[in-house]
Amino acid sequence: MARNFLQILIDKFPVFTIENRLLFAAYVGSSAHNTYVPSSDPNSIDDIDLFAVVVPPKRFIYGLQNFEHWTLREGDLDFTVFSLQKYVRLLAFKSNPNMLCTLWLRDEDYLYKDKSFDGFLSLRGAFNQRDLIYKAFGGYAHDQLKRMTHQAYEGYMGEKRKTLVDKFGYDCKNAAHCIRLLLMGIGFFNTCRLQVWQPDDKARMLRSIKKGEWPTANILQRAEQLKLELDLAYKNTEMSKTPPIKLIENLLIDTIDHYNDSR
């Protein structure tokens, strides 16, 4: 199945031939978090999310053309492809949680890994920037909570998700994202390692929230408690404040050169 997903990506990508330009491709989102609710569940709104990073040809780096990202929805599959430059910028300057997760996946969650990606995996601790991570995980969690409670439809919502908002009085998926981000942020600060695959007890709780089984008041109370825990973990973390930007930039340049000189 994983090979089929990868082949769909290779066949459908319209910008340039990516078969020899993939840095990695992987399951992300609920499949990688152990929170996927299968479509057989009447309250499921989960897709299968896949993410890939590519190294563009020289003309997309030095020339008049540009490539940063591309998306494709194919049934219940959601593909997202980023250029290596955009991917690294989001890691180095934003500590984007979705990007950070791709450095801490289980081996079985990668559909493909080029040997060049090993350099990023070995350097993943360089992206552990305490202030940015606090802002990213805490900020994204707050945004999810705000979107959960205002009970308005968003443009990206399908009809089923809108129906569930009406049914439960809040957006269950936003609620689950909020709690998950806070849990992950706390663990990240405490251990300096990001646990993407949630242990079964936490995963069951998150799936329960996603299926609308928690009252709004309970979610708000849990989020408030976890935010206090996040603040404490941030205060006591051993994470560095200053990233080795030059080291990160050199790895980025070396990887781009490698793909464009040898392929």
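The values are calculated or read from the model by the stated rules, or taken from the named source; none is laboratory data. None of the values given here were measured: they were computed from a predicted structure. In this analysis, Cβ positions are derived from the backbone assuming ideal geometry, glycine residues included, and neighbour counts consider all displayed protein chains. To get the accessible areas, we keep the full protein, side chains included, count just its heavy atoms, and leave off ligands, DNA and RNA. Shrake-Rupley method; radii C 1.70, N 1.55, O 1.52, S 1.80 Å.
Each label point is 7 Å from the Cα along the Cα-to-Cβ direction; what then is the distance between the points at N190 and E238, in nm? Going by the 7 Å Cα→Cβ label model, 1.5 nm. The residues of the chain expose on average 49 square angstrom of accessible surface per residue, using a 1.4 Å probe on protein heavy atoms. Here each label is just a point 7 Å from Cα along the line to Cβ, and for Q225 and F93 those points are 3.9 nm apart. Comparing L226, L23, L121 in a Gaussian network model of the chain, where Cα atoms under 10 Å apart are tied by springs, the biggest mean-square fluctuation is seen for L121. With both labels modelled 7 Å from their Cα along Cα-to-Cβ, the D261 to K86 distance reads 2.7 nm.
Between 0 and 90 degrees, the angle of helix 216-236 with respect to the longest Cα principal axis of the chain falls at about 50 degrees.
Just the protein heavy atoms count here, and of the accessible area of the range 1-159 at 1.4 Å, carbon and sulfur take up 50 percent. Proximity of backbone amide H atoms, modeled 1.01 Å from N, is registered between S240 and R130 at under 5 Å, excluding neighbours fewer than 5 places apart on the same chain. Give me the dipole magnitude in Debye, nearest 20, for the chain about the Cα centre, with unit charges on the beta carbon: positive for Lys and Arg, negative for Asp and Glu. With Lys and Arg at +1 and Asp and Glu at -1, about 440 debye. The loop-placed GluC sites (Glu not before Pro) in the range 207-252, going by DSSP, that have at most 16 neighbouring Cβ atoms within 10 Å of their Cβ come out as E213, E238.
Our coupling estimate for the range 162-169, obtained by passing each phi through the Karplus curve with A = 6.51, B = -1.76, C = 1.60 and θ = phi - 60°, is 5, 4, 5, 4, 5, 5, 9, x Hz, Gly and Pro reported as x.
For K113, the lysines whose Cα falls under 25 Å of its own Cα, not counting residues fewer than eight places away in the same chain, are K12, K58, K86, K94, K246. In summary, the aspartates and glutamates within cross-link reach of K173, defined as a Cα separation below 17 angstrom excluding same-chain residues under 8 places away, comprise D41, D46, D47, D49, D76, D78, D143, E154, E159, E213.
Rounded to the nearest whole Hz, the Karplus-based 3J(HN,Hα) values (6.51 cos²θ - 1.76 cosθ + 1.60, θ = phi - 60°) of the range 72-89 follow the sequence 8, 10, 10, x, 9, 9, 10, 9, 10, 10, 10, 6, 4, 4, 5, 4, 5, 4, with x at glycine and proline. On the basis of the beta-carbon distance and an R0 of 30 Å, K167 and T71 show a calculated FRET efficiency of 0.60. Over the C-alpha atoms of the range 155-256, the Rg to Rh ratio, Rh being the Kirkwood estimate, stands at 1.12. Residues whose amide H comes within less than 5 Å of that of Y112, counting only those at least five positions distant or on another chain, are A25 (H built at 1.01 Å from N in the peptide plane).
Dipole magnitude for the range 70-171: computed about the Cα centre from +1 point charges on Lys and Arg Cβ and -1 point charges on Asp and Glu Cβ, it is near 380 debye. Selection among A136, Q85, Y27 by position relative to the dipole of the chain gives A136 as farthest towards the positive end (Cβ unit charges, Cα centre).
Secondary-structure-derived ellipticity at 222 nm for the chain, considering helices only, amounts to -16500 deg cm²/dmol, per-run term -39500 (n - 2.57) for DSSP H runs with n ≥ 4. When the Gaussian network model of the chain links Cα atoms closer than 10 Å, the mean-square fluctuations of L145, L91, L228 top out at L228.
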